[in-house]
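Single-structure report; data block below.
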Amino acid sequence: MSASLDNFTIVIFGAGSDLASRKLFPSIFQLARWGHMPPSFRVIGVGRQETGHEAFRWSVRERLMEHFPEAAGDTERLDTFCRSLFYVRVDLDDPVGYEVLHDEIMRQEEAAQACRNLMFYLSIPPSLAPAVVRNLGAAGLGGRERSCTGWRKLIAEKPYGQDLESARELNRVIDEVFDESQVYRIDHYLGKEPVQNIMVFRFSNGIFEPLWNRQYIAQVMITIAEDFGIRGRGGYYEEAGLLRDIIQNHGLQLLAAIAMEPPVDLDADSIRDEKSKILRSVRRFTPDSVRDSVVLGQYEGYLAERGVAPDSTVETFAAVKFYIDNWRWSGVPFYMKAGKNLAKSVTEIVITFRCPPQNYYGSYGGAACSTPNQVVLGIQPDETVAIRFGAKRPGEEMITDPVYMKFDYRSTFQSEGLTPYHRLLLDAIEGNQMNFIRRDSVEHSWSIIDSLKDSINGQVPELYPVHSWGPESSRIYG
């Protein structure tokens, strides 16, 4: 990005949040250090606490030192960054505070011409988002407002609503104040290099795309495992649960990336069109189908977590079997496992190919096809692509063993260390919506999860030991 980029103001609602402390302020500071920000950008933190500009700057400085220790060794840039920080106290439900915010932005316009370009970042719970968007519009700060001549953008953190009805209502409110071309629904998974590489892997390599269909692929397995619990977020998790927290966004976005059709071009909406079509094609659940398609679990000790009800039946683990009802994927199961306090933290996608029609060689264990070909896409912590195939074991007998060819991002490429938040913030600044979620995909995703939740009909999650791989009954899902 050129340093000659027009100046702009980032307004962060929830400036005292954990997300802002751990991700947003460190990412903005690093982008400025690397020369990816204009010379006179401004960041306005919005919160409910009574504090001034200087106190806010010291607070952000301390949080930067905690979450990005390298800042301590670059005091000159840190001082410059902190001078770009401002603070406005706003009660998010009170329109009066937005008038104060409007005045603060306008006050800076003469010095920095920052009013021309405004980016609003919602680092707040989804229940507060509608009120914030409405009040921005009422204060003349919305995307359809023409008192300033520059661009307006709205970045919204997941979850986008709590179900299909609330997601539609949030989308409706946003549509009143901002055009869809100004809205960036962020999912940090879409900023990860291995996720962005899925399209390249599929559509630029002739040895894979011809095989990427029901004729050659037996199943797809998506795993999103974390080796830690809810980390003090009991109140949030009691409302969300694993299905809403992980499956509805991260999980279904990975599924869409793996299963989508080739886009007509690399335009953002062309790519998002294909992802939306896939989510629309995912088979919805019924009370009959859910019995053989879903296993829910809860880790032992969850009930003792702060903010959790003593009789809670909220799931912290889910194994789900999805089907996509279209020409390419008819009959192919897409298994998805996600959970808290599992054996290790790993996100990966395993594509398993069908076995040859006849096995001429012996194999380990004597099974007819114990070493099916696989493509394994490692998302985190290892960023890898591996291909599994059978090879002859040395010796007189004709026995095949599974072997791997592996590509590793970190050992192959050198980069400047862009994290998903660096990348997605840059995309939003530059106006590239490719790696952000469009409103129709949000609603399709919630339609899937709502059908699942409605069909479970009070299913009680099975207990599983901490640092295991979930309930025993989920083993049938791979």
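Bear in mind that the values in this text are calculations on the coordinates, not laboratory data. Fair warning: this is a prediction, and the values are worked out from it, not measured in the lab. Methodologically, a virtual Cβ is constructed for each residue, glycine included, from the backbone with ideal geometry; neighbour enumeration extends over all protein chains shown.
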Taking the Cα centre of segment 140-245 as the origin and placing charges on Cβ (Lys, Arg +1; Asp, Glu -1), which of Ile230, Val220, Gln196 is farthest toward the positive end of the dipole? Gln196
Picking from Trp34, Phe178, Trp329, whose Cα lies most toward the positive end of the charge dipole for the chain (charges on Cβ: Lys, Arg +1; Asp, Glu -1)? Trp329
With -39,500 (n - 2.57) per DSSP H segment of 4 or more residues and division by the full residue count of the chain, the 222 nm estimate, nearest 500 deg cm²/dmol, is -10000 deg cm²/dmol
Take every DSSP beta bridge with both residues inside the chain and express the antiparallel ones as a percent of the total, to the nearest 5. 55 percent
If amide H atoms are built 1.01 Å from N in the plane of the peptide, which residues on other chains or at least 5 residues away come under 5 Å of the amide H of Tyr121? Val11, Ile12, Phe13, Ile155
Using the beta-carbon distance between Ser330 and Asp265 and R0 = 22 Å, what value does 1/(1 + (r/R0)^6) give for FRET efficiency, to the nearest 0.05? 0.25
Quick one: putting +1 on the C-beta of Lys and Arg, -1 on the C-beta of Asp and Glu, what dipole do you get for segment 291-346 around its Cα centre, in Debye to the nearest 20? 260 debye
Fewest Cβ neighbours within 10 Å first, please rank Phe389, Phe8 accordingly. Phe389, Phe8
Amide H contacts under 5 Å for Leu342, restricted to residues at least 5 apart in sequence or on another chain and with H modeled in the peptide plane, are Glu226, Asp227, Phe228, His467
Find, among the chymotrypsin sites (Phe, Trp or Tyr not before Pro) in segment 222-319, those assigned to loop by DSSP (not H, G, I, E, B) with at most 15 other beta-carbon atoms within 10 angstrom. Phe228
Net +/- balance of residues flanking Val403 in space, Cβ distance below 13 Å, scoring K and R +1, D and E -1: +3
How large is the dipole of the chain about the Cα centre if only Lys and Arg carry +1 and Asp and Glu carry -1, each at its Cβ, rounded to the nearest 20 debye? 820 debye
For Cα pairs less than 8 Å apart in space and 6+ apart in sequence, what is the mean separation divided by the residue count of the chain, i.e. the relative contact order in percent? 16 percent
What do you get for chymotrypsin sites (Phe, Trp or Tyr not before Pro) in segment 390-478 restricted to DSSP loop and a cutoff of at most 14 other Cβ within 10 Å of the site's Cβ? Phe413
Neighbouring Cβ atoms within 10 Å as the yardstick, rank Val294, Val100, Val43, Val132 fewest first. Val100, Val294, Val132, Val43
Which of the lysines could be linked to Lys192 by a straight reach, that is with a Cα gap under 18 Å, when you skip same-chain ones fewer than 8 residues away? Lys23, Lys158, Lys275
Taking amide H positions as placed 1.01 Å from N in the peptide plane, with prolines and chain starts having none, which residues 5 or more places from Ile399, or on another chain, fall under 5 Å of its amide H? Arg393
In whole angstrom, how far apart do the alpha carbon centroids of segment 38-114 and segment 399-459 sit? 31 Å
Partners for Lys321 among aspartates and glutamates (Cα-Cα distance below 12 Å; same-chain residues under 8 apart left out): Asp292
Tell me, which longest segment in the chain has none of the trypsin sites (Lys or Arg not before Pro) that fall in DSSP loops with at most 10 further Cβ atoms within 10 Å? 147-305
Dipole-positive endmost among Gln380, Thr80, Pro310 within the chain (Cβ charges, Cα centre): Gln380
Quote the charge dipole size of segment 9-157 about the Cα centre in Debye, to the nearest 20; the model charges only the Cβ of Lys and Arg (+1) and of Asp and Glu (-1). 480 debye
Cα-based Rg (one decimal) and Dmax (whole number) for the chain, in Å? 24.2, 84
Extended-chain gain in nm, criterion 0.36 nm per residue less alpha-carbon gap, Asp6 and Arg22: 3.1 nm
May I ask you to derive the relative contact order of segment 9-157, considering only C-alpha pairs under 8 Å and at least 6 residues apart, and to give it as an integer percent? 29 percent
Which of Ile448, Ile217 comes first, and how do the rest follow, when ranked by fewest Cβ neighbours within 10 Å? Ile217, Ile448
Over all directions, segment 299-361 yields a Cα convex hull whose mean projected area in nm² is 8.0 nm²
